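**Student:** Here's a structure for you.
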Amino acid sequence: MKETRKKLTALGTALLLAASTSLAGCGQSTNSSSTKEAQKENTGTNLSTQAQESSESTEPVTITYWHHDASDNIVTPLKKIIADFEAENPDIKVEFLALPADNFYQKYVTAVATNTAPDVFGIRDTELLALVHQGAILPMDDYVNEWEEKDNISDSVWESVSSYSDDGKIYMIPSYMNACIMWYNTKKMGELGIEIPATLDEFLADCEKYADPEANSYFYSLRGGVGSYDNLFIFMMTYAGADSFFDEQGTCVLDQEIFAEAMDKYADIYKNGWVSRDCVTNGYKEMVAEFGSGIAMSMSHNSTSATNHAENLGEGNFTNAIHPAGANGKTAIPVPSIIGAGITTQSKHPDEAARFVEYLASHEPASYFCENAGKTPVNELVYEDSWCQEDPYMDKYSELMNSEDVVLYSNPIWLPEWATFTGQDVVTDFQAVLMGEKESRDVLAGWSDKLTSYQQAYLEQQGQQ
């Protein structure tokens with residue numbers, strides 16, 4: 001089953017977090033050129049004519065770049081990187097647009113459908129296959145093969161990126177990855193004599209014991225709005241002791257009783273008043289605000305939020321830790337999500353766009369971004385940089401990825417429907433469960449039916465059924 005291959009391939013990317021490889025040089029991004037005929041076949045565009053027109057022009061070529069997150073800690077370093085790129089490449093100007101994380105994908109799809117797409121999309125692995133199926137992005141194999149820093153990104157990462165598409169081609173150059181982690185307000189917990197919970201039972205007990213609605217103080221900030229699926233599934237998969245959404249026949253297992261029991265346990269945190277009433281609609285910003293203001297002592301996210309926590313709580317007052325373990329002593333988390341950028345098929349300047357995409361993933365820009373945005377690097381040279389070696393949280397990601405007590409499961413991002421399923425179905429149904437409008441068992445049965453149908457169609461397409 002291709003799911004298993006994807007899981008094993010993506011698991012290899014996790015080893016980057018323990019990287020201590022000594023690589024010589026800090027190569028700068030250079031102007032790579034593609035094999036024009038190969039690109040012509042994919043886009044039907046005469047790139048030779050475009051290149052001639054570009055070379056004859058005395059004005060800088062303008063390319064547009066859309067990113068999938070408008071958070072300040074993302075936008076600020078990206079603006080600096082873009083300014084540096086323009087200074088090093090005076091023949092290219094970049095128009096930058098940051099879109100809110102909760103609706104960027106819909107804007108991407110609309111832009112593709114209305115022929116108003118930019119030159120470059122910031123892409124997460126979650127949406128990549130759907131964009132490929134829409135004919136929205138170009139394969140970048142020719143550019144990657146000529147890129148000087150290709151070998152600074154491990155083979156396992158490239159294999160993962162190519163495995164996200166049906167045809168095995170590379171549609172994005174990765175810049176960083178996200179690994180799910182818990183964050184704790186150690187200052188407040190220390191004042192109350194609370195230790196970091198090691199198990200789900202301890203976690204739930206802390207949620208109950210330290211909930212004080214009158215003082216607007218809680219142990220946990222639950223994410224019930226957009227983006228809730230990872231936190232929910234981490235809890236459910238850990239509780240159930242599961243390592244996959246599907247059995248060997250490609251049937252989704254979420255309709256099993258153990259998952260309904262797990263969802264009920266998680267939903268009861270809200271129903272019992274152990275978290276704020278706002279949690280039912282909490283997105284990223286609201287969850288970070290609760291944690292940063294001291295309303296909640298813990299939250300589940302990834303490395304990105306570290307910069308927010310430092311601003312809100314101050315360094316030394318918080319830490320990260322592996323999620324609490326289930327009854328089997330193991331914690332289940334999704335394989336780290338790989339994020340990068342790709343060229344849209346509507347781009348009139350693919351070569352210039354490729355130079356920019358390569359620049360984003362190159363050593364110095366990637367290092368600056370990961371340091372300031374709180375991201376986990378994929379470019380191995382970044383691990384040699386002093387900030388990365390001194391980062392107080394990086395060791396925890398290495399421990400997480402190499403621990404025998406952590407089970408990595410794969411979100412089925414190879415399914416084109418996954419992005420819509422998690423962005424719409426999960427949010428709506430989970431909120432209904434929290435509000436007591438739907439039963440966990442019924443919701444999970446519906447999810448299981450949908451995911452099974454998606455997986456069966458995928459397997460049939462791949463000739464595995």
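**Student:** Quick check: residue separation of Asp268 and Asp167 times 0.36 nm, minus the Cα distance between them. What number comes out in nm?
**Tutor:** Here the segment from Asp268 to Asp167 would lengthen by 32.0 nm.
**Student:** Right, something else. With no solvent and one point on each alpha carbon, what is the Debye value of log10 I(q)/I(0) for the range 230-316 at q = 0.20 Å⁻¹?
**Tutor:** -0.98
**Student:** Choose one of Pro197, Ala327, Leu254: the residue whose Cα lies farthest towards the positive end of the charge dipole of the chain (beta-carbon charges +1 Lys, Arg; -1 Asp, Glu; about the Cα centre).
**Tutor:** Of the options given, the answer is Leu254.
**Student:** Okay, moving on. Report Asp243's accessible area, 1.4 Å probe, all protein chains in place, as a number in Å² to the nearest 10.
**Tutor:** 80 Å²
**Student:** May I ask you to derive the relative contact order of the range 121-204, considering only C-alpha pairs under 8 Å and at least 6 residues apart, and to give it as an integer percent?
**Tutor:** Computed over the range 121-204, the figure is 29 percent.
**Student:** How large a share of the accessible area of the range 299-370, in percent, is made up of carbon and sulfur atoms when the probe is 1.4 Å and the other protein chains stay in place?
**Tutor:** 47 percent
**Student:** Per residue, how large is the accessible surface of the chain? Use a 1.4 angstrom probe and give square angstrom.
**Tutor:** 40 Å²
**Student:** Given R₀ = 35 Å, FRET efficiency for Asn317-Gln106 by Cβ-Cβ distance, to 0.05?
**Tutor:** Efficiency computed from Cβ-Cβ geometry: 0.40.
**Student:** Over the range 148-249, with every protein chain in place, what whole percent of the accessible area is carbon and sulfur at 1.4 Å, could you tell me?
**Tutor:** The computed percentage sits at 43.
**Student:** Let me cross-check Lys209: its accessible surface, 1.4 Å probe, with only protein heavy atoms counted, in Å² to the nearest 10?
**Tutor:** Surface accessible to solvent at Lys209 totals approximately 150 Å².
**Student:** Charges on Cβ only, +1 for Lys and Arg, -1 for Asp and Glu, centred on the Cα centroid of the chain; of Ile413, Val112, Leu128, which one is farthest towards the dipole's positive end?
**Tutor:** Checking the options against the dipole of the chain, the answer is Val112.
**Student:** Determine the dipole magnitude for the range 328-465: charges of +1 sit on the beta-carbon of Lys and Arg, -1 on that of Asp and Glu, nothing else is charged, the reference point is the Cα centre, and the result goes in debye to the nearest 20.
**Tutor:** For the range 328-465, the charge dipole is close to 460 debye.
**Student:** Just list whichever of Lys271/Lys450; Lys80/Lys450; Lys187/Lys271; Lys396/Lys450; Lys150/Lys285 have alpha carbons separated by over 32 Å in the model shown.
**Tutor:** Lys80/Lys450; Lys396/Lys450; Lys150/Lys285
**Student:** I would also like to ask the following. For the chain, what D do you get in µm² per second when you plug the Kirkwood radius from alpha-carbon pairs into Stokes-Einstein at 4 °C and 1.567 mPa s?
**Tutor:** Estimated diffusion coefficient is 56 µm²/s.
**Student:** Under a Cβ-only charge scheme (Lys and Arg +1, Asp and Glu -1), can you give me the dipole magnitude of the range 85-196 about the Cα centre, in debye to the nearest 20?
**Tutor:** Dipole size: approximately 660 debye.
**Student:** Taking amide H positions as placed 1.01 Å from N in the peptide plane, with prolines and chain starts having none, which residues 5 or more places from Val406, or on another chain, fall under 5 Å of its amide H?
**Tutor:** Correct list: Thr331.
**Student:** Moving on. Please report the spacing between the Cα centers of the range 380-398 and the range 243-303 in Å, no decimals.
**Tutor:** So the separation of the two Cα centres works out to 29 Å.
**Student:** Still on this structure, please answer the following. Treating each Cα of the range 343-395 as an identical point scatterer and ignoring solvent, apply the Debye formula and state log10 I(q)/I(0) at q = 0.13, 0.28 Å⁻¹.
**Tutor:** -0.39, -1.02
**Student:** Ok, one more. Kindly sort Tyr393, Tyr454 by accessible area of their heavy atoms, largest first, with the probe set to 1.4 Å.
**Tutor:** So, going from the largest accessible area down, we get Tyr454, Tyr393.
**Student:** Kindly provide the helix-only [θ] at 222 nm of the chain, computed as the sum of -39,500 (n - 2.57) over DSSP H runs of four or more divided by all residues, to the nearest 500 deg cm²/dmol?
**Tutor:** After summing the helix terms and dividing by residue count, I get -13500 deg cm²/dmol.
**Student:** Sticking with this structure for a sec: So how strong a dipole does the chain carry about its Cα centre when Lys and Arg Cβ are +1 and Asp and Glu Cβ are -1, to the nearest 20 debye?
**Tutor:** Dipole magnitude for the chain comes out near 580 debye.
**Student:** Using 10 Å bins from zero, what percent of all Cα-Cα pairs in the range 331-465 falls into each bin?
**Tutor:** Binned Cα distances yield the sequence 10, 23, 28, 27, 12, 0.
**Student:** Kindly sort Met287, Met435 by accessible area of their heavy atoms, largest first, with the probe set to 1.4 Å.
**Tutor:** Putting Met287, Met435 in descending order of accessible area: Met435, Met287.
**Student:** Something else: Rank Tyr454, Gly423, Met435 by how far each Cα sits towards the positive end of the charge dipole of the range 385-465 (+1 on Lys, Arg Cβ; -1 on Asp, Glu Cβ) and give me just the farthest.
**Tutor:** Tyr454
**Student:** Let me ask something else. So what are the radius of gyration and Dmax for the Cα set of the range 275-364, in Å?
**Tutor:** My reading of the Cα-based Rg and Dmax gives 18.8, 55 Å.
The values are calculated or read from the model by the stated rules, or taken from the named source; none is laboratory data. Remember, it's a predicted structure, so these values are computed and weren't measured experimentally. Neighbour counts run over all protein chains shown; Cβ positions are idealised from the backbone, glycine included. Side chains are part of the model used for accessible areas, which takes the heavy atoms of the whole protein and leaves out ligands, DNA and RNA. Shrake-Rupley method; radii C 1.70, N 1.55, O 1.52, S 1.80 Å.
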